[in-house]
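*Asks:* Just dropping this structure here.
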Amino acid sequence: MKMKKSLYLCLLLFSFCSCGDKKGQSDEQITSTTEQQAGEHRMKNYDFTDSVTLGSHLYVYTIHREADDSLRVVVDENGDKFVDNYYDLTILKDGREFFRHRFTKISFGSQLDDNFRKNGILDGFRFMSAKEGMLTFGACVSFPESDMSEPFVLTIGTDGSFTLEPDTAPDIEEDTSV
């Protein structure tokens, strides 16, 4: 029993979202913990709501994550099983629904290699910026509990349309110590 508790504590310490922290996102928004049920690891449900003003419009966005048993379970090289996640993104523009979409790893499938399609889970999703009439979010598919990830940029246009593209921008930390 003591060994299980130690293993669980170690798991909690190392179960951070593997997408990099760009643009100073707070740890509360990008960290996650996993639970183990019936031999499967699953990330805890997560909800985050915030708002941003773009031009004369107020956008309120909600990001919801949930482990989804209907998605294929990923098994790592040690035989550990991980339940994949979905993320729901809902955006209100001036109080009216503007955008609603559920994202799974399959949403990024055409841009993932076979290794990430088979061994990755969708484990990161966050707001990045609002500029030039566009809302930008970051997402990533990662090998569970590792630093191997494929980051993506989700751009939402003024008409509610969106594009998903690989994030090719380098992770640059801004120096605010002037």
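The values are calculated or read from the model by the stated rules, or taken from the named source; none is laboratory data. Values in this document were obtained by computation on a predicted structure and should not be read as measured data. Please note: Cβ atoms are built from the backbone with ideal geometry, for glycine as well, and neighbour counts cover all protein chains shown.
*Asks:* Within region 127-141, can one find any residue that is exposed (fewer than 11 other Cβ atoms within 10 Å of the Cβ) and either within 25 Å of Thr53 (Cβ to Cβ) or modelled with pLDDT of 95 or more (or both)?
*Replies:* Yes, region 127-141 contains at least one residue that is exposed (fewer than 11 other Cβ atoms within 10 Å of the Cβ) and either within 25 Å of Thr53 (Cβ to Cβ) or modelled with pLDDT of 95 or more (or both).
*Asks:* A further question on this structure: Within region 111-125, track down each residue that is surrounded by fewer than 22 Cβ atoms within 10 Å (Cβ to Cβ) and of a type outside the set (S, T, N, Q).
*Replies:* Leu112, Asp113, Asp114, Phe116, Arg117, Lys118 - these are the residues of region 111-125 that are surrounded by fewer than 22 Cβ atoms within 10 Å (Cβ to Cβ) and of a type outside the set (S, T, N, Q).
*Asks:* For region 53-63, state whether one or more residues are without any contact (Cβ under 8 Å) to a residue 24 or more places away in the chain and β-branched (Val, Ile, Thr). Before you say what the answer is, go through the steps one by one.
*Replies:* Residues of region 53-63 that are without any contact (Cβ under 8 Å) to a residue 24 or more places away in the chain, as a first pass: 56.
Checking the rest, the ones that are also β-branched (Val, Ile, Thr) come to none.
No: region 53-63 contains no residue that is without any contact (Cβ under 8 Å) to a residue 24 or more places away in the chain and β-branched (Val, Ile, Thr).
*Asks:* Is there a residue in region 76-83 that is at pLDDT 95 or above and either exposed (fewer than 15 other Cβ atoms within 10 Å of the Cβ) or among the polar types (S, T, N, Q) (or both)?
*Replies:* no
*Asks:* How many of the residues making up region 89-110 are surrounded by fewer than 17 Cβ atoms within 10 Å (Cβ to Cβ) and either modelled with pLDDT of 95 or more or closer than 27 Å to Leu58 by Cβ (or both)? Even if it seems obvious, please write down each step before you answer.
*Replies:* Keep residues of region 89-110 that are surrounded by fewer than 17 Cβ atoms within 10 Å (Cβ to Cβ), which gives 90, 94-97, 100-102, 106, 109-110.
Checking which are either modelled with pLDDT of 95 or more or closer than 27 Å to Leu58 by Cβ (or both) leaves us with 90, 94-97, 100-102, 106.
Qualifying residue count, region 89-110: 9.
*Asks:* Given the conditions (1) over 18 Å from Ser142 (Cβ atoms); (2) surrounded by 15 or more Cβ atoms within 10 Å (Cβ to Cβ); (3) among the polar types (S, T, N, Q), report the number of the one that Thr53 does not fulfil.
*Replies:* Thr53 satisfies every listed condition except (2).
*Asks:* Being aromatic (Phe, Trp, Tyr) and farther than 26 Å from Ser51 by Cβ, is that true of even one residue in region 154-175?
*Replies:* no
*Asks:* Got a sec? Which of Cys17, Cys10 is closer than 15 Å to Ile121 by Cα, of a type outside the set (Asp, Glu) and either surrounded by fewer than 10 Cβ atoms within 10 Å (Cβ to Cβ) or modelled with pLDDT under 90 (or both)?
*Replies:* Cys17
*Asks:* Can you spot a residue in region 120-137 that is part of a helix (DSSP H, G or I) and among the small types (Gly, Ala, Ser)?
*Replies:* For region 120-137, residues part of a helix (DSSP H, G or I) and among the small types (Gly, Ala, Ser): absent.
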